[in-house]
Amino acid sequence: MQKTQQLYEGKAKKVYATDEAGVYIVSYKDDATAFNGLKKGTIEHKGSINNRVSNHLMQLLEKEGIPTHFLKELSDRETAVRKVRIIPLEVIVRNIAAGSLATRLGLEEGTKLRCTVLEFCYKRDDLGDPLVNEYHIKALGLALDEELAQLSAYSLKINDILGSYLRDLGIELVDFKLEFGITDEGKLILADEISPDTCRFWDTKTGKKLDKDRFRRDLGSVEEAYQEVLFRLMGIN
Ligand code: UDP
C-alpha cells in the first residue's frame, strides 16, 4: 500500500490517502498542543507511543464488538485505517470530575460522579469546540438522531470495556474523548485515537497522572508517563 497525497494535518496526526480504495494512513506526530493550540511543544516518542496505545485499545474494542477504523499497524508511527467522514462531534465520557467539568461545576478534581456523564462538543477550532446538547446537534444537523443514539451507546460500552480492562492494569479511567465517523458504506465506526493525549489516566494506587495533564500543567516526566501506559498495556513492568 502506498500513500498518495496528504489530506490533512492536525495537531497530533497527519492523514494520507492511499492507492487502496477506502483506506487511509494516519501518521502520529510528536507535537503536543493544549488549550486550543495556545500551548505548544513536543513530547519525545509520543507519536510512536500513541500509535501503539491506540491500536492496542482499538483491537481490544473490536474483539468486544465495537466497530473501529483500525486496519493494520504499518510502522512505529503509521497505521492503515478505514476511510470515514468524521462526525463533527467530540464525545466526552466522564467517570470522575476533572479538567473543564471540575471548573465549570465547581467540583473538586477527583470527585467520583454518581453516574457516567456523556458530553458533546462541536468540533470547531475557531469557536474553541463549544459544548452542545442533543437539541443543538439536531438543530445544526451535526448528526442524525439514530447516529447520535448509536454513538452514545457505543461510547458507554467503550467506557465499560476500557474501564475494567485498565483497572486490572492499575489505571483509573477518569475521562476520555472519542470521535466517530461514517464509512463510504454508511456504517458508523469509532475513529481518531484513544491515547494519553485523549484520556485522563490516573494510577489507581498513587493517583499519579499518566496522561497529557503532565504537559498541560507542566508536571514533568511527560514522556515517562506515556511510556508507562504503553508498558502496562504490553504487560511490561
Ligand atoms: N479531550 C481531548 N481533546 C479535546 C478536549 C478534551 O482529547 O479537544 C479529552 C481530555 O484529554 C480529557 C477529556 O477529553 O481526557 C475531558 O477534557 P476536558 O473537557 O476536561 O477538557 P480539558 O480540561 O482537557 O480542557
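The values are calculated or read from the model by the stated rules, or taken from the named source; none is laboratory data. Just so you know, these numbers come straight off a predicted model, no measurement behind them. A quick note on method: Cβ atoms are made from the backbone with ideal geometry, for glycine too, and the neighbour counts reach across all protein chains shown.
I'd like to know if the range 186-193 contains one or more residues that are touching an Asp or Glu at 6+ places or on another chain (Cβ under 8 Å), within 21 Å of Tyr24 (Cα to Cα) and either more than 16 Å from the ligand (Cβ to nearest atom) or among the charged types (D, E, K, R) (or both). Scanning the range 186-193 turns up at least one residue that is touching an Asp or Glu at 6+ places or on another chain (Cβ under 8 Å), within 21 Å of Tyr24 (Cα to Cα) and either more than 16 Å from the ligand (Cβ to nearest atom) or among the charged types (D, E, K, R) (or both). Condition first: within 8 Å of the ligand (Cβ to nearest atom) and either crowded, with 19+ Cβ neighbours inside 10 Å or at negative phi (or both). Now tell me which residues in the range 94-117 satisfy that. Once the filter is applied, which keeps residues that are within 8 Å of the ligand (Cβ to nearest atom) and either crowded, with 19+ Cβ neighbours inside 10 Å or at negative phi (or both), the range 94-117 yields Arg94, Ala98, Ser100, Leu101, Ala102, Thr103.
Would it be correct to say that Leu151 is modelled with pLDDT of 95 or more, under 15 Å from Leu190 (Cα atoms) and either more than 15 Å from the ligand (Cβ to nearest atom) or surrounded by 14 or more Cβ atoms within 10 Å (Cβ to Cβ) (or both)? The answer is yes for Leu151. Among the strands (runs of 3 or more DSSP E) confined to the range 131-224, the ones with at least 1 residues that are aromatic (Phe, Trp, Tyr), more than 20 Å from Gly99 (Cα to Cα) and touching a residue at least 40 places away in the same chain (Cβ under 8 Å) are located at 171-182. Here is the figure for the range 165-210: residues that are among the acidic types (Asp, Glu) and under 20 Å from Leu113 (Cα atoms) total 3.
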